[in-house]
1. Report every pair of residues separated by at least 6 positions or lying on different chains whose Cβ atoms are under 6 Å apart, first residue within segment 63-89 and of a type in the set (Lys, Arg), second part of a loop (DSSP other than H, G, I, E, B) and open to solvent by 50 Å² or more (accessible area, probe 1.4 Å).
2. For segment 56-81, how many residues meet the condition of being in a strand (DSSP E or B), surrounded by 13 or more Cβ atoms within 10 Å (Cβ to Cβ) and small (Gly, Ala, Ser)?
3. Pairs, please: C-beta under 9 Å, at least 6 apart or cross-chain, first residue farther than 14 Å from residue 43 by Cβ and among the aromatic types (Phe, Trp, Tyr) and in segment 1-14, second open to solvent by 40 Å² or more (accessible area, probe 1.4 Å) and not in a strand (DSSP E or B)?
4. Pull out all pairs, ordered by first then second residue, where Cβ-Cβ is under 9 Å, the residues are six or more apart or on different chains, the first lies in segment 34-53 and is among the charged types (D, E, K, R), and the second is open to solvent by 70 Å² or more (accessible area, probe 1.4 Å) and assigned to a loop (DSSP other than H, G, I, E, B).
5. Among residues belonging to segment 1-54 that are of a type in the set (Asp, Glu) and open to solvent by 70 Å² or more (accessible area, probe 1.4 Å), point out the one that is farthest from residue 85 (Cα to Cα).
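The values are calculated or read from the model by the stated rules, or taken from the named source; none is laboratory data. Being a predicted model, the structure only gives us computed values, none of them experimental. Positions of Cβ are backbone-derived with ideal geometry, glycine not excepted, and every protein chain shown enters the neighbour counts. What goes into the accessible areas is simple: the full protein's heavy atoms, side chains included, and nothing from ligands, DNA or RNA. Shrake-Rupley method; radii C 1.70, N 1.55, O 1.52, S 1.80 Å.
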Amino acid sequence: AAQPDGHARAEIEFSVVAWDGEGNRVNYTDRGLALNLSAEQAARGLASGVPLHQEIDLPAGEVYLRIAVRDGASGRIGSMEIPLKVPKG
């Protein structure tokens with residue numbers, strides 16, 4: 001959402017859920033973010049995305065990460081699943 005000062009405000013929810021190879025949930029994390037972006041940051045974010053850093057502990061073996069992002073203003077949701085092999089460590 002454009003603000004009178006030229007900045008853009010965005011509210012997003014970000015969730016990561018880890019599943020093992022048998023379909024059992026092994027860990028998850030989620031958080032909400034309120035972003036206040038300059039016009040330049042907003043344009044860059046629309047063109048190439050907004051980088052976020054999220055850590056999650058995972059067990060060794062085959063794990064599937066399901067990542068979902070929800071835009072608070074529009075209610076739109078996007079998700080993807082990533083298969084991983086986590087080494088023993």
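1. Short answer, once both residue conditions are applied: 88/60.
2. Step one: of segment 56-81, the residues in a strand (DSSP E or B) are 61-71, 77-81.
Still in the list and also surrounded by 13 or more Cβ atoms within 10 Å (Cβ to Cβ): 61-71.
Add one more test, that the residue is small (Gly, Ala, Ser), and what stays is 61, 68.
Count: 2.
3. 14/52; 14/54
4. Final answer for the pair search is 44/50.
5. Residues of segment 1-54 of a type in the set (Asp, Glu): 5, 11, 13, 20, 22, 30, 40.
From the residues that got through so far, the ones that are open to solvent by 70 Å² or more (accessible area, probe 1.4 Å) too are 5, 11, 13, 22, 30, 40.
On the way: 5: 46, 11: 32, 13: 26, 22: 14, 30: 22, 40: 38 Å.
Once the filter is applied, the top-ranked residue is 5.
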